[in-house]
Amino acid sequence: MTAGNFYAETLSLHTFAGERKYLNEAELKRFYKALRVLTNPKERTFVEFVYWTGCRVCEALSMTLRQMLFEDRRAVIRSAKKRGESKDKIYRVVPLPRDYFIRLRMAYDVYAHSGKEWQDSILKIWTFSRTTAWRLVKRVMRAAGISGIRACYRGLRHSRAVKWSLDKMPLNKIKDWLGHESIATTEIYLNTMGAEDHMLAARSWGGERRLQASILIVQGFLSKWLSKPLHA
């Protein structure tokens with residue numbers, strides 16, 4: 001594989017063999033259900049954080065409790081891959097479900113932060129290594145019966161972006177939530193396949209089917225009307 005081909009495949013949601021690098025909607029649902037295999041609340045809240053935000057592993061592991069806005073139900077994530085003067089100075093705000101913050105609060109009430117203003121803590125929430133983080137995601141992938149190139153941390157990040165795209169989130173908002181520097185990088189998540197293609201195409205099918213149904217109704221009415229005997 002040439003350097004150009006490698007770069008092209010890296011920016012694609014599929015390998016040259018056509019394999020998806022992201023989880024489809026059914027796989028995402030299985031992954032979320034499989035989170036129950038992580039009985040340690042710290043491990044569960046970490047993987048679920050990545051599930052909802054699609055953030056990079058270094059970004060997730062740098063999170064502190066102070067960056068969790070419990071009342072607003074948002075996370076303030078320090079964006080990685082920034083260069084020059086903006087390095088380590090750019091943050092983005094990503095919303096999360098209420099239930100996630102309930103689980104996070106319960107996890108840290110049980111652990112070392114009970115009895116003080118733990119929400120103001122500058123301590124990191126998750127203190128394990130990147131290797132452990134990758135292993136935790138793979139463990140949930142296995143429990144969900146997901147394999148192949150998409151059964152990894154990066155696959156989970158891709159999956160969240162594709163889900164946002166299919167849910168009609170504005171492209172510039174997806175760019176902000178993922179921490180991309182260029183909108184061109186975000187645009188790759190418009191290229192889906194399989195069931196995702198059918199979901200997008202079905203929007204036009206719905207209009208065509210309604211038109212066909214209307215034509216059939218009119219044809220049926222005319223047929224009955226023309227078949228009636230004429231009275232002198």
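Along region 179-189 the Karplus relation, 6.51 cos²θ - 1.76 cosθ + 1.60 evaluated at θ = phi - 60°, assigns HN-Hα couplings of x, 7, 7, 10, 5, 4, 5, 5, 5, 5, 7 Hz to successive residues, with x for each Gly and Pro.
When each of the peptides 159-165, 139-145 is scored by how many other beta carbons lie within 10 Å of its residues on average, the order from highest to lowest is 159-165, 139-145.
Amide H contacts of Ser79: Ile90, Tyr91, Arg92, each under 5 Å away and 5 or more positions distant or on a separate chain (H built 1.01 Å from N in the peptide plane; Pro and chain starts excluded).
Among the listed pairs Lys89/Lys124; Lys89/Lys163; Lys33/Lys81; Lys33/Lys173; Lys29/Lys175; Lys81/Lys163, a Cα-Cα separation exceeding 25 Å is found for Lys89/Lys163; Lys33/Lys81; Lys33/Lys173. In terms of packing, defined here as the mean over residues of other Cβ atoms within 10 angstrom, the peptides 92-102, 27-37 line up highest first as 27-37, 92-102.
Values quoted throughout were computed directly from the atomic coordinates according to the rules given, and no laboratory measurement underlies them. What you see is a predicted model, and the numbers here were worked out from it, not measured in a lab. Methodologically, a virtual Cβ is constructed for each residue, glycine included, from the backbone with ideal geometry; neighbour enumeration extends over all protein chains shown.
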